[in-house]
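Please read the structure below before turning to the comments.
The values are calculated or read from the model by the stated rules, or taken from the named source; none is laboratory data. Model, not experiment: these values are computed from the prediction. FYI the Cβ positions are ideal-geometry reconstructions off the backbone, even for glycines, and counts take in every protein chain you see.
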Amino acid sequence: MKEQHFLKRGILGLSAVCAALVLMGTTPAEAKGPLTTEAKTAVVQKDALTEARINVVLKEAYEKFKNDQNGKNADYIKALAIVDSKMFGITLVTPDGKVYEIGDTKEVVSIQSISKVFTAALVMQEKGDKFMQEKIGVNATGLAFNSIIAIELHGGSASNPFVNAGAIQATSWVEAKDSKERWAKIYANMDDFAGKKLGFNEEVYDSEVNDNKNNQAISKILDARGRMGSDPLEATTVYTKQCSVNVSAHDLGLMASTLANHGVNPKTGKKVLDSKYVPKILAVMATAGLYDNAGDWLYLTGTPAKSGVGGGILAVVPGKLGIGVVSPPLDKFGNSVRGQEAAAYIIEKLGINPLAQ
Ligand code: GLU
């Protein structure tokens, strides 16, 4: 009772301050003076996602990081080395489908590891979250994304669907009569998350498919451990195809917003993933989305995210924002340098760290 009374008084007090400020022609966010700490927090949170505020923060992020030359394109897949390193685009999409963007947001890169999110989502949709946990795993490996030794160290398990082992495994479990149908389903599922037909990067595919022996070896080991749902080499080829799909910052922003919007694409209105699986996918993104830097990223932003060696990154602030950034130069962990900088800045400045709500 007492608490409710104080709460009521607090709210009345805050609205009185706001009303007075409006009369004075001042918005609460500009106010100086007698606001208590609680009132200030309330004002910042209330202002956090206005259109004007998002546009200001987006522009700031772009200007602040556009000239950062740190990092280097991936080159272990030869076609990635020649992608324009200057490319930098940021797209933000709210769950009601409003799009805010700046820079090269229509330029495409290959999606690479970010595709793992959507194939894992498809497997969860078809087989349930228990299957994901028991058959593939949801723990970090603490080792490189393409590690073979990680499989041995974890009793023949891939550990999670975002390292190559778990991703190839997930691909193999998509229900289909053959690999052609499996690929068609995986591709269509990514299209649904993006709300459009995504392009395919033949050059990246050719470059990788002729050079993916490490992934082939991973698939064979998992097969020997009884973990694959279909032929291992066929699954590796389908996995290589899914990594070669083209995405822009705009596409990634929409894909992220579908997750931020509980599995419904805000542009098309299509339900792409059952809402009960969205927190499960986000949990794996929080654990293992940014390779060996996932812990530092979560510590900094509190936000589930996934990057790919093509230079894309998406971050999901549940119920609030989907963030997509493309910038090819990567740090030593394989994450886009400017992608992380821009996304972290936006989350911080908008005050939307999900763990701080
Ligand atoms: N296709 C890449 C590979 O299998 C994806 C790696 C990534 O983006 O992390 O090595």
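Observations, loosely collected:
- Inside region 77-91, residues that are farther than 14 Å from S110 by Cα and surrounded by fewer than 20 Cβ atoms within 10 Å (Cβ to Cβ) make up a count of 1.
- Boolean, D296 is of a type in the set (D, E, K, R), outside any loop (DSSP other than H, G, I, E, B) and more than 14 Å from the ligand (Cβ to nearest atom): yes
- Within region 63-83, not a single residue is modelled with pLDDT of 95 or more, in a strand (DSSP E or B), more than 30 Å from V209 (Cβ to Cβ) and in contact with a Pro (Cβ under 8 Å, 6 or more places away or on another chain).
- Selected residue (only one of G97, G89 is away from the ligand (no atom under 16 Å from the Cβ), out of contact with any helix residue (DSSP H, G or I) (no Cβ under 7 Å at 6 or more places or on another chain) and in contact (Cβ under 8 Å) with a residue 24 or more places away in the chain): G97
- Among the residues of region 300-339, those that are within 10 Å of the ligand (Cβ to nearest atom), part of a strand (DSSP E or B) and more than 17 Å from I102 (Cβ to Cβ) comprise K306, S307, L330.
- Any chance K106 is among the charged types (D, E, K, R), without any contact (Cβ under 8 Å) to a residue 24 or more places away in the chain and either surrounded by fewer than 18 Cβ atoms within 10 Å (Cβ to Cβ) or part of a loop (DSSP other than H, G, I, E, B) (or both): no
- Residues that are crowded, with 24+ Cβ neighbours inside 10 Å, hydroxyl-bearing (S, T, Y) and farther than 22 Å from L49 by Cβ within region 292-342 comprise S307, S327, S336, listed in sequence order.
- When the residues of region 275-286 are filtered to those that are more than 15 Å from the ligand (Cβ to nearest atom) and in contact with a Pro (Cβ under 9 Å, 6 or more places away or on another chain), the one that is farthest from M132 (Cα to Cα) is A286.
- Search result, residues across region 250-275 that are free of Cβ contacts under 8 Å to residues at least 24 places away in the same chain and either surrounded by fewer than 20 Cβ atoms within 10 Å (Cβ to Cβ) or of a type in the set (V, I, T) (or both): V264, G269, K271, S275
- Spans of helices (runs of 4 or more DSSP H) in region 198-258 with at least 1 residues under 19 Å from the mean Cα position of the chain (by Cα): 232-243
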